[in-house]
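The values are calculated or read from the model by the stated rules, or taken from the named source; none is laboratory data. These figures come from a predicted structure and were not determined experimentally. Counting neighbours? That spans all protein chains shown, and the Cβs are built from the backbone with ideal geometry, glycine included. Surface accessibility is based on the protein's heavy atoms, side chains included, excluding ligands, DNA and RNA. Shrake-Rupley method; radii C 1.70, N 1.55, O 1.52, S 1.80 Å.
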Amino acid sequence: MIDPDTTHVDIFEKLSALEIGQSIVINHDQNPRPLYFRLLAECKYAFGWETLHDGPEVWRVQVTRKTAWVNNETIGDIVSKDYRHATVFKRLGIDFSCNGKRTLEEVCLDDHLDINDLRQQLAQCLNQPMIQTINLLSWAPAFLCRYLVNLNHQYIKINTPFITELAQKMAVSYGESHPQIGQISTIFFNAGKVLMHDVSIEESSLFPDVVKLSECYVKGRTLAEDETGAVLSAFYDIMASHEKIAADFRLIRQLTNNYQVPRYVSPSYNILYKLLQDYEDDLLFNFHLENNLLFPKVIAIRDKMRST
C-alpha cells in the first residue's frame, strides 16, 4: 500500500522491485491518472493499471508488473505512420489519441477483440484515399506547437462557443421528444470548458516551455532538471485531462448513434450533429499530435540532454 506522500520516484522503485504478476496499491487524495501517463512514458517495465476506487475524495489504483509484449509497436505508432488507421480505431471505440501507448495485443485483450480481425480491418482501410500526405513524424517539436496553436486551437476557440449555444437550443426545443440531446448538450458544455482551459495553459506556458527546451537542445545548451521536469509534469496533467474529454466524446458518439440524425427534426439538428462529428475528428487529431508525437519528442530531447 502506498500513501499520498510517496513520491513518483519511490513508486518507480517499488514497481521495479516487483516480480512479474506482483502488484502495489496506491491510495491518493487526488486523481492519480497523471501518474499513469508518467509510467507509460518513463517506466521501463510493462504494467497493468486497475482503478479500485475512483474518487471523489479518495482514489485507489492497483499497479501490476506484467510481461512485456514481444511486439512493441503501439497503436499510436500505427496511426502516426498512416492516419487512415484512425478510422478503424474510432469505429471500434478504441482510444488511440490518449491511450496510444498500448500494443494491438493489449488493445484486443482489454476490449475483447479478435486480433486477426483487427489486423484485417487495419489493412483494408489502406484501400481508402490518403487522408493526409504530410510526414508528421518528421515535424520538430517547435513546429508541432505552432501548428497546434494556429490550426487546432483556433478551431477549438471558434467552434466551442458556437456548438455549445446550438446544442443548448436543440436541448430546449427537442428535450422532451429526444431526451438524449439534453445529455449531449451538458457533456459538450462541461468538456468544452475544460478544453478551453487546457488550451489556455498550453499557449501561455506549456508550449512556450517546449519551444525553449527544443531550442536549447538544438543550440547545445541544457536546462536544469527541475525545468524539464516541470514541462513533463504539465504534460502528464494535460494528458489526463485529454483522456477524460476523449471519453466524453465517445459517450456523445454513443448517444448520437454515431451521429445518425433522428427523423423529423429541424435542419439545425442536422447541423449540430455534423459539427459535433467534425469537432470530435479535429479533437482526436489534436490529441494524437500532442500525446503520440509531440510528447515522445520532448521525452527524447530530455533523455539526450541527460546523456550529454
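Relative to the dominant Cα principal axis of the chain, helix 267-288 is inclined by about 10°. Of the solvent-accessible surface of the chain, computed with a 1.4 Å probe over protein heavy atoms with every protein chain present, carbon and sulfur atoms account for 52 percent.
Around the amide H of GLY48, modelled in the peptide plane, lie the amide H atoms of THR64, ARG65, LYS66, all under 5 Å away and 5 or more residues distant in sequence or on another chain. Using C-alpha pairs under 8 Å with a sequence gap of at least 6, the mean separation divided by the residue count of segment 142-218 gives a relative contact order of 38 percent. Once the Cβ-Cβ distance of GLU42 and GLU203 is raised to the sixth power relative to R0 = 22 Å, the FRET efficiency obtained is 0.30.
Once the Cα atoms are used to define both axes, helix 180-201 deviates from the longest principal axis of the chain by about 40 degrees. Were the residues from SER16 through LYS81 laid out at 0.36 nm apart, the gain over their Cα-Cα distance would be 20.2 nm. Within the same chain, lysines fewer than 8 places from LYS304 are excluded, and of the rest, those with a Cα less than 27 Å from its Cα are LYS14, LYS44, LYS81, LYS101, LYS212, LYS219. Could you check how many percent of all C-alpha pairs in the chain are farther apart than 30 Å? Roughly 39 percent, once rounded to a whole number. Normalised by the number of residues in the chain, the average gap of Cα pairs under 8 Å and 6 or more apart makes the relative contact order 19 percent. Taking Cα atoms only, the orientation of helix 154-174 departs from the longest principal axis of the chain by about 50 degrees.
Couplings for segment 216-226, taken from phi via the Karplus curve 6.51 cos²θ - 1.76 cosθ + 1.60 with θ = phi - 60°, read 4, 5, 4, 8, x, 9, 10, 10, 4, 4, 5 Hz in order; Gly and Pro are left as x. Using C-alpha pairs under 8 Å with a sequence gap of at least 6, the mean separation divided by the residue count of segment 80-165 gives a relative contact order of 37 percent. Taking θ as phi - 60° and the Karplus parameters 6.51, -1.76 and 1.60, the scalar couplings of segment 29-40 work out to 8, 10, 4, x, 4, x, 5, 4, 6, 5, 4, 4 Hz in sequence order, x denoting glycine and proline. Stretched out straight at 0.36 nm per residue, the stretch from ALA140 to TYR264 would grow longer than its current Cα-Cα span by 39.8 nm. The residues of segment 19-128 expose on average 53 square angstrom of accessible surface per residue, using a 1.4 Å probe on protein heavy atoms. Ignoring lysines fewer than eight residues from LYS157 along the same chain, the ones with Cα atoms less than 16 angstrom from its Cα are LYS193. Straight-line reach from LYS274: taking Cα to Cα under 20 Å and skipping same-chain neighbours fewer than 8 places apart, the aspartates and glutamates in range are GLU165, ASP248, ASP282. Using a simple spin-label model with pseudo-atoms 7 Å out from Cα toward Cβ, LEU255 and TRP49 lie 2.5 nm apart.
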